[in-house]
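Asks: Please see the structure below; I have some questions.
The values are calculated or read from the model by the stated rules, or taken from the named source; none is laboratory data. The shown structure was predicted, so the numbers you read here are calculated from the model rather than taken from an experiment. Protein only, heavy atoms only, side chains kept; ligands, DNA and RNA dropped before computing areas. Shrake-Rupley method; radii C 1.70, N 1.55, O 1.52, S 1.80 Å.
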Amino acid sequence: MLHTRAVPSVAGVSTSIKTTALKINSGEPRIAARQLPSNVVRVLRGLHRAGYRACVVGGGVRDLLLDLRPKDFDIVTDARPEQVKKLFRRVLLIGRRFRLAHVMFGREYIEVATFRGSGNEASNPEGSVVRGSNGRILRDNRFGSLEEDVLRRDFTINALYWDFADKRIIDHVGGLKDIARRRLRLIGEPRLRYEEDPVRMLRAARFAAKLGCELDRRCAEPIPEMARLLRAEPPARLLEEVRKLFLGGHAVSSFEELRRFGLLDELFPFLGPWMDAEPRAEGFVRDALAATDKRLSEGSHASLMFLLCVFYWGPISRVVAPGGSGIPRYTQITDAFRRMVRDSQYGLRPTKKMTADMEHVLGRQALLQARPRRRVNQTLKHPLFRPAYRLLCLRRRLGEIEEQCVLYWRKRAGSAPSRSWSKRRRGGPGRAGGRSANGNEKKVR
């Protein structure tokens with residue numbers, strides 16, 4: 001029999017949760033330690049031997065149950081960050097909003113977080129939860145128990161814990177049933193949870209696209225009217241979430257989910273009006289997204305910068321060359337792009353480096369379309385020739401490019417460098433991005 005215990009409430013979450021872990025029988029889902037990367041097991045074992053509770057939580061557990069390959073594994077424990085630091089040879093304590101420990105293994109790391117508290121009264125500034133006027137969490141360093149930590153998670157399918165001590169799955173909020181039904185459901189009252197962190201709306205769209213889940217009706221209804229809350233989010237945070245949406249191998253379905261919930265207009269306010277006015281826009285954008293998914297499925301590199309060029313090109317081409325006639329000049333295109341970035345009051349803002357690369361790719365459309373006879377080799381050797389050429393090919397969908405122009409560059413493209421534009425900008429091991437212990441790039445929060 002499952003018993004309940006009262007715990008402090010948080011952001012509309014019920015004050016009583018199941019405190020008995022789901023018992024794993026022979027016919028129920030299991031996760032074995034051998035399914036985890038060796039360094040993850042080393043950290044779990046080190047915490048356990050020191051007398052601390054150690055669990056894997058979130059996407060790693062969810063993906064293993066769905067027979068997917070997890071991109072990373074997050075560990076939670078009742079040990080404080082300072083205590084984790086004493087257990088392992090190399091540990092970095094990072095984060096302002098959340099205090100985390102990164103256990104280092106060479107150039108790789110395992111992220112370890114302490115169980116979060118309910119967010120109610122704190123005894124000192126180091127153990128506090130600071131919220132903005134709209135309820136959004138600005139700082140969260142209050143520690144607590146696993147039962148409190150589960151209430152701080154966003155979706156039920158991300159609130160499954162695998163306990164290293166007895167190798168069982170702990171499910172307090174019905175996450176296993178939701179996984180079986182392919183249902184996406186927030187923990188707590190949806191409106192309050194979106195106010196607490198508006199990026200959860202983007203995460204809802206991403207998980208619906210990635211996992212093929214149907215978003216619960218109560219969670220879906222508030223999104224269109226609350227989407228404007230994203231305007232107050234830090235640009236870097238939005239960019240990281242958009243990167244996951246479009247570079248996770250499900251770009252087409254992610255785009256459809258963003259449009260369905262009205263989130264696309266908040267990220268790219270200029271894109272919707274152009275797509276409504278241009279009958280061929282749908283095919284142009286979908287071809288780029290499908291090509292991105294295909295490249296990732298084949299193990300090739302895909303660039304968010306290139307997709308942003310695709311999104312910007314349509315609105316820019318309307319301003320530079322009304323009706324699609326004539327060959328726009330380089331300066332006209334780049335000036336139009338700069339104005340769009342400068343004058344946008346909200347929406348996704350590319351980084352400075354990304355903006356500079358986008359300016360080159362967009363501006364070079366004029367050069368490629370002109371098919372110059374001089375300086376062809378110099379054009380081919382430019383690091384951004386490949387994405388510029390791919391955009392040129394896509395523009396056939398809009399009726400802007402003749403087949404002869406594409407053939408002209410296709411014959412010459414064989415001598416162009418095949419290296420990715422991003423390799424020359426990839427950060428080294430000392431930069432904040434780093435890599436998680438299973439070899440995937442992971443941003444430090």
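Asks: Using amide H atoms built in the peptide plane, which far-off residues or other-chain residues are under 5 Å from Arg142 H to H?
Replies: The answer is Gly117, Ser128.
Asks: Which of the pairs Lys210/Lys244; Lys85/Lys244; Lys167/Lys244; Lys71/Lys352 have their Cα atoms more than 22 Å apart in this structure?
Replies: Values: Lys210/Lys244 10 Å; Lys85/Lys244 30 Å; Lys167/Lys244 30 Å; Lys71/Lys352 28 Å.
Long pairs (Cα-Cα over 22 Å): Lys85/Lys244; Lys167/Lys244; Lys71/Lys352.
Asks: With every protein chain present, what is the per residue accessible area of the range 200-309 (1.4 Å probe, Å²)?
Replies: Per residue, the range 200-309 has 39 Å² of solvent-accessible surface.
Asks: Using a 1.4 angstrom probe and counting only protein chains, how large is the accessible area of Lys294 in Å², to 10?
Replies: 120
Asks: Between Arg107 and Leu92, what is 0.36 nm times their sequence separation minus the Cα-Cα distance? Round to one decimal in nm. Walk me through the intermediate numbers first.
Replies: Values: separation 15, 0.36 × 15 = 5.40 nm, distance 1.23 nm.
Stretched fully, the Arg107-Leu92 segment lengthens by 4.2 nm.
Asks: Follow-up question, since we're still on this one. Over the range 137-186, give the accessible area per residue in Å² for a 1.4 Å probe, as an integer.
Replies: For the range 137-186, the per-residue accessible area is 32 Å².
Asks: Could you please state how large a percent of the accessible area of the range 331-419 is carbon and sulfur, counting protein chains only and using a 1.4 Å probe?
Replies: It is 46 percent, rounded to a whole number.
Asks: On a 1.4 Å probe surface of the protein chains, which of Ser118, Ser38 comes out largest in accessible area, and what is the full order?
Replies: Ser38, Ser118
Asks: What are the ³J(HN,Hα) couplings of the range 90-96, residue after residue, when phi is run through the Karplus curve with 6.51, -1.76, 1.60 and θ = phi - 60°? Round to Hz, x for glycine and proline.
Replies: Each residue's phi maps through the Karplus curve to give 10, 9, 10, 9, 10, x, 9 Hz.
Asks: Determine the share of the range 159-235's accessible area contributed by carbon and sulfur atoms, expressed in whole percent, with a 1.4 angstrom probe.
Replies: 46
Asks: Just by accessible area at a 1.4 angstrom probe, what is the order of Arg217, Arg193, Arg185 from largest to smallest? Walk me through the numbers on the way to the answer.
Replies: Working: Arg217 155, Arg193 0, Arg185 65 Å².
Sorted by accessible area, descending: Arg217, Arg185, Arg193.
Asks: Can you give me the accessible area per residue for the range 355-401, using a 1.4 Å probe, in Å²?
Replies: 46
Asks: Whenever you get a sec, line up Cys309, Cys393 from highest to lowest accessible area (probe 1.4 Å, protein heavy atoms).
Replies: Numbers: Cys309 0, Cys393 25 Å².
Highest to lowest solvent-accessible surface, that is Cys393, Cys309.
Asks: From the phi of every residue in the range 207-215, what ³J(HN,Hα) in whole Hz does the Karplus formula 6.51 cos²θ - 1.76 cosθ + 1.60 yield, where θ is phi - 60° and glycine or proline is x?
Replies: Karplus-based 3J(HN,Hα) across the range 207-215 equals 5, 4, 6, 5, 9, x, 8, 9, 5 Hz.
Asks: If you roll a 1.4 Å probe over the range 44-87 with all protein chains in place, what percent of the accessible area is carbon or sulfur?
Replies: Answer for the range 44-87: carbon and sulfur cover 41 percent of the accessible area.
Asks: Here's a follow-up. Dividing the convex hull volume of the Cα atoms of the range 197-267 by its residue count, what figure in Å³ per residue is obtained?
Replies: Spelled out: Cα convex hull of the range 197-267, divided by residues, is 73 Å³.
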